[in-house]
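Novice: Questions regarding the structure given below will be posed in turn.
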């Protein structure tokens, strides 16, 4: 057990001690605020292992959870009502380009991805409508793209992302469409990266 722990520590030191280089692995974590389109608030958490295809180009697999409380629109009413949404889980492949030439520890980045979002049901406050019109999501999964941008400072990172999750109809108990839940959301995150090496190349 001690040998395994020592090997992991040595691997971590090797990854951190060298410059960002093609063929290395990185592991990023992000925590932040999620803001649904058209109103509401929530939180998100992402884990993302990445592989450097080039010194400044990474392919990743993002595993995310977003808990959202957002507004829901009923088709036969003008007013929007507050709904509650449980955690949405996603798995997305990503590609990220870092704008860094090895002369600085600051690395702005742009990225995009496409993945699978498992959506939880929407719970509507029963006081706003008859019990027979309590809404549920039409479907509980969707494929969707995402875009993101940010900056890394050494191993710390700050970013913004936007997830284009398709809207979902709300159904009553009879199966009729009575409203719509907007699933697009933006995220503002702070995070940390392990491995991959340093952005600023060592000077000899």
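What follows draws every value from the coordinates through simple rules; no lab data is involved. All of these numbers come straight from a predicted model, not from anything done at the bench. Positions of Cβ are backbone-derived with ideal geometry, glycine not excepted, and every protein chain shown enters the neighbour counts.
Novice: In what order do 120, 90 fall by count of nearby beta-carbon atoms within 10 Å, going from fewest to most? Present the calculation step by step, with values, prior to reporting the outcome.
Specialist: Numbers: 120 15, 90 23.
Lowest count first: 120, 90.
Novice: How do 155, 22 rank when sorted from fewest to most other Cβ atoms within 10 Å of their own Cβ?
Specialist: The most exposed by this proxy come first: 22, 155.
Novice: Another question about this same structure. Within segment 29-51, find all residues whose amide N lies under 13 Å from a label point positioned 7 Å from the Cα of residue 160 along Cα-to-beta-carbon.
Specialist: From segment 29-51, the list is 35.
Novice: Still on this structure: If you stretched the chain out fully between residue 147 and residue 180, how much longer would it get, using 0.36 nm times the residue separation minus the C-alpha to C-alpha distance?
Specialist: Result for the pair: 9.5 nm of gain on full extension.
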